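Sharing a structure, written as structure tokens. Questions coming.
The values are calculated or read from the model by the stated rules, or taken from the named source; none is laboratory data. Small disclaimer: the values here were computed from a predicted structure and weren't measured. Virtual Cβ from ideal backbone geometry, glycine too; neighbours counted across all protein chains shown. For accessibility, only protein heavy atoms count, side chains too; no ligands or nucleic acids. Shrake-Rupley method; radii C 1.70, N 1.55, O 1.52, S 1.80 Å.
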Amino acid sequence: MRLVSLRQVRPGMKLGRTIFTEDGKVLLGTGMVLTERLISGLTRSKVDAVYIDDPRTADIQVEEVIRPQTRQIAVEAIEKTFKQITNSNKLARKISLKEMGLHFQRAFSSILDDLLLNKQMIGHLTNISSHSPSMYHHAVNVAVLSTAVGMSLGYNRQRLIDLGVGAMLHDVGKLSLPEEMLAKEEQWTAEEKEIAKEHTRHGFNLLRKQHDISLLSAHVCLQHHERLNGSGYPQGLQGKQIHEYAQIVGIADVFDSLTSPRPWRKRYMPQDALEYLLGSGGHLFEHHLVNAFIKHIAVFPIGSSVVLGTGEVGVVSRVDPDYSHRPTVRIIKDGRGNDVLHPYDLDLKANLQLFVVGFEDDDLFRMSDVSRTQTETNPPDDLP
């Protein structure tokens with residue numbers, strides 16, 4: 001299978017991977033033959049890319065690091081809780097969330113079990129994207145990315161649960177923001193951004209009152225926008241004042257936010273988001289945490305269509321986690337844009353004169369304005 005921009009999808013193509021709604025339900029299942037009506041529905045659902053079956057790449061399997069049912073369980077847990085909180089806020093009632101912690105621990109345990117069973121896939125974590133911009137899927141993505149880092153640092157199960165539950169709930173405080181801000185499809189104004197900064201305190205105050213949620217998980221919610229140099233919020237903490245869990249979730253939050261589409265901008269390419277994070281080491285986040293995160297990210301995810309310096313187009317078929325910038329590429333078009341009669345694999349580790357210059361589906365991505373020299377006072381676009 002290969003990843004294709006929705007703009008390039010044509011009727012008759014067969015879906016290679018399940019697509020979910022923003023609340024975690026199956027929108028279209030694997031193997032569905034796409035029609036004009038279905039493609040229009042995907043556009044309305046704000047899906048910007050899908051995996052399709054292609055005979056030339058039939059043996060390229062984009063394995064999911066967490067099972068579809070695991071994602072669905074986690075998204076439904078987040079959706080149910082978030083809707084309870086929203087309804088309580090609308091009715092000005094005291095929020096009562098019995099067994100909230102137990103509910104999330106069960107949902108996160110499914111994520112953790114999948115990750116422990118699929119350790120060999122941790123190097124391909126950009127494949128976790130559901131291609132849905134919803135807050136629910138963002139929460140799951142951040143939890144998966146954060147947990148992978150925790151695993152690489154040798155955290156035991158209880159520490160991973162505290163980290164993962166905090167990651168799943170890191171943005172719960174946004175539910176206390178004005179409804180019109182949450183529904184807005186344009187970038188927030190400077191005034192709205194200042195209001196939004198209070199979401200960390202709102203979330204912390206909610207979570208610390210839940211008897212079955214760890215205070216460490218609550219502090220993830222409070223501190224995930226704090227930065228090493230004191231430029232973050234809400235308290236302007238520095239260095240060791242910021243809990244390691246919160247830094248890990250902050251890194252995952254930045255990466256998933258940059259590589260996800262927004263109504264006012266395209267997604268950033270993974271390598272551009274990683275470039276920003278590399279520049280943040282020792283400045284916004286601890287070096288060793290950034291390095292631990294980057295080890296688990298495939299710069300060119302399996303199934304993505306890339307362009308070589310020769311003009312040839314191919315699909316990434318394999319990634320060596322130790323050399324993620326030099327994948328194996330299935331060549332499907334020659335340098336003149338003609339289809340190759342017999343597609344073949346090129347291992348860029350063995351062909352050092354060849355290199356990837358970009359993705360074929362450039363309409364999925366924005367031009368890079370991310371650099372290692374940017375700071376938290378001049379972040380890309382809408383960085384959290």
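Out of residues 5 or more away from MET269 or on other chains, whose amide H comes under 5 Å of its own, with H placed 1.01 Å from N in the peptide plane?
Under 5 Å from the amide H of MET269: ARG366.
PHE359's amide H: which non-local residues (gap 5+, or another chain) put their own amide H closer than 5 Å, with H modeled 1.01 Å from N in plane and none for Pro or chain starts?
VAL307
Name the most mobile residue of LEU116, LEU341, LEU27, meaning the one with the largest mean-square fluctuation, in a Gaussian network model of the chain with Cα contacts below 10 Å.
LEU341
Once you list every other residue whose beta carbon is under 12 Å from the beta carbon of ILE66, what net charge do they have if Lys and Arg are +1 and Asp and Glu are -1? Could you put the intermediate results ahead of the total?
Details: positive: ARG67, ARG71; negative: GLU63, GLU64, ASP113, ASP114.
Counting the neighbours of ILE66, the net charge comes to -2.
Once you've got the GNM for the chain with C-alpha springs shorter than 10 Å, pick whichever of GLU99, GLU63, GLU286 has the biggest mean-square fluctuation.
Among GLU99, GLU63, GLU286, the largest mean-square fluctuation in the Gaussian network model of the chain belongs to GLU99.
Using alpha carbons only, how many angstrom separate the centre of the range 130-191 from the centre of the range 196-214?
That distance is 13 Å.
Hey, what number do you get for the chain at 222 nm if only DSSP H runs of n ≥ 4 count, each worth -39500 (n - 2.57), divided across all residues, to the nearest 500?
Values: 12 runs with 144 residues, N = 384.
It lands at -11500 deg cm²/dmol.
Could I ask something else about it? Please state, to two decimals, what the Cα-based radius of gyration of the range 136-289 comes to when divided by 2.2 N^0.38 Å (N = residues).
Against the empirical 2.2 N^0.38 Å value, I get 1.01 for the range 136-289.
Comparing PHE300, PHE359, PHE255, which has the greatest mean-square fluctuation in the GNM of the chain with Cα pairs linked when under 10 Å apart?
In this elastic network of the chain, the residue with the biggest mean-square fluctuation among PHE300, PHE359, PHE255 is PHE359.
Excluding LEU237 itself, calculate the net charge of residues whose Cβ lies under 10 Å from the Cβ of LEU237, where each Lys or Arg counts +1 and each Asp or Glu counts -1.
Net local charge, LEU237 excluded: +1.
If I take R0 = 45 Å and measure r between the Cβ atoms of GLU198 and PHE355 in this structure, what FRET efficiency does the formula 1/(1 + (r/R0)^6) give, to the nearest 0.05?
Rounded to the nearest 0.05, the efficiency is 0.50.
How big is the charge dipole of the chain about its Cα centre, in debye rounded to the nearest 20, if each Lys and Arg gets +1 on its Cβ and each Asp and Glu gets -1 on its Cβ?
That gives a dipole near 820 debye.
Next question, about the same structure. Where q = 0.13, 0.27, 0.29, 0.30 Å⁻¹, what log10 of I(q)/I(0) comes from the Debye formula for the range 1-54, counting one point per Cα?
Log10 I(q)/I(0), no solvent term: -0.25, -1.16, -1.35, -1.44.
Further question: Stretched out fully, how many nm does the piece from LEU102 to LEU27 gain, at 0.36 nm a residue minus the Cα gap?
Length difference between fully extended and current span is 24.2 nm.
Hey, of (1) 46, 27, 23; (2) 36, 28, 17; (3) 35, 23, 20, which did the structure itself give for semi-axes √(5λ) of the Cα gyration tensor in Å when calculated?
(3)
What share of Cα pairs, in percent, lie more than 20 angstrom apart in the range 209-358?
Working: 6581 of 11175 pairs.
Tail of P(r) above 20 Å: 59 percent of Cα pairs.
What residues qualify as long-range amide H neighbours of LEU348, i.e. H under 5 Å apart, gap of 5 or more or another chain, H built at 1.01 Å from N?
Those qualifying (amide H under 5 Å, at least 5 residues apart or on another chain) are THR328, VAL329.
Follow-up question, since we're still on this one. Per residue, how many Å² of accessible area does the range 161-227 show with a 1.4 Å probe?
Normalised by residue count, the accessible surface of the range 161-227 is 43 Å².
Helix by helix through the chain, keep the DSSP H runs that span 27 Å or more along the axis on Cα and average at least 0.5 on Kyte-Doolittle, and give those back in order.
Qualifying helices: none.
Can you give me the % of accessible surface on the chain that is carbon or sulfur? Probe 1.4 Å, all protein chains present, nothing else counted. Spell out each step's value before the answer.
Working: 8540 of 16950 Å².
Accessible surface attributable to carbon and sulfur in the chain totals 50 percent.
Right, something else. Roughly how many whole Å is it from the C-alpha centroid of the range 1-74 to that of the range 234-286?
Centre-to-centre distance over Cα atoms comes out at 28 Å.
Let me ask something else about it. Under 15 Å from the 7 Å Cα→Cβ point of SER152, by amide nitrogen: which residues of the range 49-71?
Output list for this probe position: empty.
Oh, and also: Assigning unit charges at the beta carbon (Lys, Arg +1; Asp, Glu -1) and nothing else, what dipole magnitude in debye, to the nearest 20, does the range 28-78 show about its Cα centre? Can you show the working numbers first?
Details: 6 positive and 8 negative charges, 50 e Å.
Dipole about the Cα centre, nearest 20: 240 debye.
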